[in-house]
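Asks: Mind having a look at this structure? Questions to follow.
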Amino acid sequence: MTPPTWASDVPIGPLTTYRVGGTARWSVTAHRVEDLLEVAQRRAGRDVLVVGKGSNLLVCDAGFDGIVVRLGESFAGVDRLEDDRPGDGGPTVRAGGAAFMPVVARRTVSWALTGFEWAVGVPGSIGGAVRMNAGGHGAEIAGSLARVRLVDLDTGEDVEVAADDLELDYRSSNVRPDQVVLHADLQLRHGDPAAGEAELAEVVRWRREHQPGGHNAGSVFANPPGDSAGRLIDAAGCRGLRIGTAEVSTKHANFIQADPGGSADDVHALMVEVAARVAAVHGVVLHPETRLVGFPDFPSSYEARP
């Protein structure tokens, strides 16, 4: 059995889709549940940062003086349970916390199941998707999530939790930063593989047409009720706005692009400036969808500008 992989002074940038940020004091890749229990025993009060695909994460240039925890490939499996679990009301797929959302989407379609096609456009892990209740194309993981298995890196507790107890809301849940999603059970429906393949292709086409590539972490700000963060940012004149090595995308205003070899602090500074301009123009306070590590608390209000 592969032992846990510990390392020190590990660059965090390559672990994220922004590709920027400082170093982690310690990093560990867990291959077994016992490895996570070892982290709980050894952390000695140090902060922990659970990192999946890093597609919704920005860590400051000063780095993270704690333990970055990652799940190895043994937690990336995707399996259809042989028997539908009692009370589920449909076929159930078990996806490991490290499973890649597009892989899960394609696998479910190949099994003639429907309900998870939207996830082919979400470049994150199942664990991260559960923690932030990820969504897209009018759906979110809460719509199919039945239960999860969690390990608490503070207490070492290993529990199964029903989706109804996760307080899933728009881009949020009650899964704490020091809890690791080992797997999630998804309740889906029987479907037509051809229709599923067509929907996968449409999601991929739409994403390529409307969203930029390059170094970014998807939507920067959550949509305020009844409106679109991208629309507000664009109307505030922020499309193409640049600070240092970071720029608001000219393709989609709710994306920020980081230059190769750029600065996480520049990305954060641009986020703050964009939010301030939106507040000045629209009177709306935007809240980050991106998980920010090592930065001051994001402003929750703004003084009027002259």
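Asks: Grab the DSSP H runs of the chain that are 4 residues or longer, score each as -39,500 (n - 2.57), total them, divide by all residues and round the 222 nm result to the nearest 500 deg cm²/dmol.
Replies: Roughly -7000 deg cm²/dmol at 222 nm, from the helical runs in the chain.
Asks: In region 172-260, what chymotrypsin sites (Phe, Trp or Tyr not before Pro) fall in a loop by DSSP, with at most 15 other Cβ atoms inside 10 Å? Mind dumping the intermediate values first?
Replies: Working: sites: Trp206, Phe221, Phe255; in loops: Phe255.
Within region 172-260, no chymotrypsin sites (Phe, Trp or Tyr not before Pro) qualify (loop, at most 15 other Cβ atoms within 10 Å).
Asks: Report Rg/Rh for region 12-122, rounded to two decimals, where Rg is the Cα radius of gyration and Rh the Kirkwood radius. Let's see the in-between values first.
Replies: Numbers: Rg = 16.9 Å, Rh = 15.9 Å.
Checking Rg against Rh, the ratio lands at 1.06.
Asks: Once you wrap a convex hull around the alpha carbon atoms of region 205-306, what is its projected area averaged over all directions, in nm²? The partial results should precede the final answer.
Replies: On the way: hull surface 27.3 nm².
Averaging across all directions leaves 6.8 nm² for the Cα convex hull.
Asks: Next question, about the same structure. Could you state, as a whole-number percent, how many of the C-alpha pairs of the chain are farther apart than 27 Å? Mind showing how you got there, number by number?
Replies: Details: 20612 of 46665 pairs.
Cα-Cα pairs in the chain separated by more than 27 Å: 44 percent.
Asks: Can you tell me which of 37-48, 225-236 comes out highest on packing, and rank the rest after it, using the mean Cβ neighbours within 10 Å? Please list the in-between numbers first.
Replies: Values: 37-48: 14.7, 225-236: 16.5.
For the peptides 37-48, 225-236, the packing ranking is 225-236, 37-48.
Asks: Calculate, in whole percent, how much of the Cα-Cα pair population of region 118-167 lies beyond 14 Å. Intermediate results must be reported in sequence, preceding the final value.
Replies: Details: 659 of 1225 pairs.
Beyond 14 Å sits 54 percent of the P(r) for region 118-167.
Asks: In what sequence, highest mean first, do 49-57, 120-128 appear when ranked by Cβ atoms within 10 angstrom?
Replies: Values: 49-57: 23.9, 120-128: 25.6.
Highest mean packing first, the order is 120-128, 49-57.
Asks: Using each residue's phi in region 161-174, evaluate 6.51 cos²θ - 1.76 cosθ + 1.60 at θ = phi - 60° and report the 3J(HN,Hα) Karplus result to the nearest Hz, with x for Gly and Pro.
Replies: Rounded to whole hertz, the list is 10, 5, 4, 4, 9, 8, 6, 5, 9, 4, 6, 7, 7, 9.
Asks: Oh, and also: Across all directions of projection, what mean area in square nanometres is found for the Cα convex hull of region 132-291?
Replies: Details: hull surface 46.9 nm².
Reported value for the Cα convex hull: 11.7 nm².
Asks: Let me ask something else about it. Explain nothing, just the number: dipole magnitude of region 178-306 about its Cα centre with +1 on each Lys and Arg Cβ and -1 on each Asp and Glu Cβ, in debye rounded to the nearest 20.
Replies: Working: 11 positive and 17 negative charges, 76 e Å.
For region 178-306, the charge dipole is close to 360 debye.
Asks: What's the Kirkwood radius of region 5-72 in Å, using all Cα pairs?
Replies: On the way: mean 1/r = 0.0838 Å⁻¹.
For region 5-72, the Kirkwood estimate is 11.9 Å.
Asks: How far apart, in nm, are the 7 Å Cα→Cβ label points at His210 and Glu197?
Replies: The modelled label-to-label distance comes out at 2.5 nm.
A short reminder: the numbers here are calculations on the coordinates, not readings from a lab. Nothing here was measured: the structure is a model prediction, and the numbers come from that model. Backbone-built Cβ (ideal geometry, glycine too); neighbour counts: all protein chains shown.
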